[in-house]
């Protein structure tokens, strides 16, 4: 009876010790996962701020160049040369490539998923979808794309038709979905 009690005591002690170590290990793993999630959230927030800053700088620069182009248009031949240089800068593909790189850091797979899901969309349509995804207003999108705000409204409607969305479907909600998997 004494050996049985000692064996039971040792068995229970071993189980308790094993359970305690396992609980500590699981708690440590949970803390590590939580720390990693917090780090990823902070990194995503930082990338979002960087993307927003880049987009706003692009919009301000384009707005300034459009104002300069308007002011210069009445001055003469020299002004035409300057106006031509401004137009070239307004449509700079390098800016769009930089924007796309920043955008894809924050929203990986969005461009590709939209292209695959809606193959009739043009590059300009995809650019607009990226700007809509950033929750920019029609006025802000117009400044970046060098259009009138009314043209942006028409373009949204045209893109919605290309995407085959019905009147009831919320275009903005579909574009702003959190993951590309939800689009499929």
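Values quoted throughout were computed directly from the atomic coordinates according to the rules given, and no laboratory measurement underlies them. None of these values were measured; they are calculated from a predicted model. Cβ placement follows ideal geometry from the backbone for every residue including glycine, while neighbour counts extend to all protein chains displayed.
Dividing the Cα convex hull volume of the chain by residue count, how many Å³ per residue is that? It would help to have the intermediate numbers written out before the result.
Values: hull volume 29.1 nm³, N = 184.
Each residue corresponds to 158 Å³ of Cα convex hull volume.
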Sites residue 22 and residue 45, calculated FRET efficiency, Cβ-Cβ separation with R0 35 Å, nearest 0.05: 0.50
Rounded tilt (10° steps) of 2-72 against the dominant C-alpha axis of the chain: 10 degrees
Mean-position separation - Cα centroids, segment 139-154 and segment 30-53, in angstrom: 32 Å
Tilt relative to the chain, helix 77-90 - C-alpha long axis, 0 to 90 degrees, to 10: 20 degrees
Peptides 162-173, 116-127 ordered by average Cβ neighbours within 10 Å, highest first: 116-127, 162-173
Cβ-based exposure ranking for 19, 103, in which fewest neighbours within 10 Å come first: 19, 103
Angle in degrees between helix 123-133 and the longest Cα principal axis of the chain, rounded to the nearest 10: 60 degrees
For peptides 152-159, 43-50, sequence by mean Cβ density within 10 Å, most packed first: 152-159, 43-50
